[in-house]
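Asks: Could you have a look at this structure, given as structure tokens, before my questions?
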Amino acid sequence: MLDGPAGPLEVAVDPPDAGTAPHPVVAVICHPLSTEGGSMHNKVVTMASRALRELGVATVRFNFRSVGASAGSFDNGEGEQDDLRAVVAWVRAQRPDCALWLAGFSFGAYVCLRASGALQPQALISIAPPVGRRTWDFDSLQPPENWLVVQGDADEVVDAQAVYQWVESLPAPPQLVRMPDTSHFFHRKLIDLRGAIQHEARRWLPDGSC
């Protein structure tokens, strides 16, 4: 448990896989929508963590306010950015010599994108970013140069075409991976998701340890 802006935040820290050469990176991973059952135990979130740990990256998952043992009330992405900032501040205090990566799935992808300008991560992974849903603003973002977007073509929650059009409209578009016949929660496609993450993230790995 960490002290968060709305009370305690529930956090899980996972080291790189045993037998894997560790890299000086900590990736903080954000979960999907709190009001629809999203948590740090979501299978897409845990697969993203697994993919990165297999590359030698330590990962930090946490529950946004109101989820699991985390205190507070859902705040439609505003307070959740504060939660992310609190977790990142703790990570940077614990591992000041490590690079920060951010990753998020659906609502978590939105929170990471909104906070990237202030947090300045070295890399960002956006899985099924909810472009066009609710009133979430995807304008005036400041993602890092190392940025991956993974989107399923058969997403029943996020409009895949809206995501593709948004990516094409960006002045510095990310690396986009379109996954055919893939639903929002990557049913029967989680291993493919792991491969997509590792293929891109491997290029971002720095040398050394922290």
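Asks: How large is the helix-only mean residue ellipticity at 222 nm for the chain, computed as the sum of -39500 (n - 2.57) over DSSP H runs with n ≥ 4, divided by its residue count, in deg cm²/dmol to the nearest 500?
Replies: -9500 deg cm²/dmol
Asks: Let me ask something additional. How far apart, in nanometres, would the label points at A12 and T135 be if each is projected 7 angstrom from Cα along the Cα-to-Cβ direction?
Replies: Going by the 7 Å Cα→Cβ label model, 3.3 nm.
Asks: How much net charge surrounds N76 when only the other residues with a Cβ under 12 Å from the Cβ of N76 are counted, with Lys and Arg +1 and Asp and Glu -1?
Replies: Overall, the nearby charge balance is 0.
Asks: With every atom except the alpha carbons ignored, what do you get for Rg and Dmax of the stretch 50-93, in angstroms?
Replies: Gyration radius and largest Cα-Cα distance of the stretch 50-93: 12.4, 35 Å.
Asks: Leaving out ligands and nucleic acids, note down the accessible area per residue over the chain with a 1.4 angstrom probe, in whole Å².
Replies: Solvent-accessible surface per residue comes out at 43 Å².
Asks: For the stretch 134-210, rounded, prolate or oblate, judged on the Cα gyration tensor with a ≥ b ≥ c (square roots of eigenvalues), a/c < 1.5 rounded, else prolate if a/b > b/c?
Replies: Note, shape of the stretch 134-210 comes out oblate.
Asks: Once a ≥ b ≥ c are taken as the square roots of the eigenvalues of the Cα gyration tensor of the chain, is the result rounded (a/c under 1.5), prolate (a/b larger than b/c) or oblate (a/b not larger than b/c)?
Replies: Rounded.
Asks: Provide the percentage of antiparallel DSSP beta bridges, counting only those with both residues in the chain; round to the nearest 5.
Replies: Rounded to the nearest five, the antiparallel share is 20 percent.
Asks: In the chain, carbon and sulfur make up what percent of the accessible area (probe 1.4 Å)?
Replies: 46 percent
Asks: To check my understanding: the extent here is largest minus smallest coordinate of the Cα atoms along each principal axis. What are those three numbers for the stretch 1-82, in Å, largest first?
Replies: 40, 24, 19
Asks: Also, quick follow-up: Order the peptides 24-36, 112-124, 174-186 from the highest to the lowest mean number of other Cβ atoms within 10 Å of their residues.
Replies: In decreasing order of mean packing, 24-36, 112-124, 174-186 become 24-36, 112-124, 174-186.
Asks: Per q in 0.15, 0.22, 0.24 Å⁻¹, report the Debye log10 I(q)/I(0) for the stretch 108-158, using one uniform scatterer on each alpha carbon and no solvent.
Replies: Taken in order of the listed q values, log10 I(q)/I(0) reads -0.40, -0.81, -0.93.
Asks: If you average the alpha carbon positions of the stretch 1-48 and of the stretch 108-143, how far apart do those two centres end up, in angstrom?
Replies: That distance is 17 Å.
The values are calculated or read from the model by the stated rules, or taken from the named source; none is laboratory data. Values in this document were obtained by computation on a predicted structure and should not be read as measured data. No Cβ is skipped: glycine too gets one built from the backbone with ideal geometry, and neighbour counts run over all protein chains shown. SASA here: full protein model, heavy atoms, side chains in, ligands and nucleic acids out. Shrake-Rupley method; radii C 1.70, N 1.55, O 1.52, S 1.80 Å.
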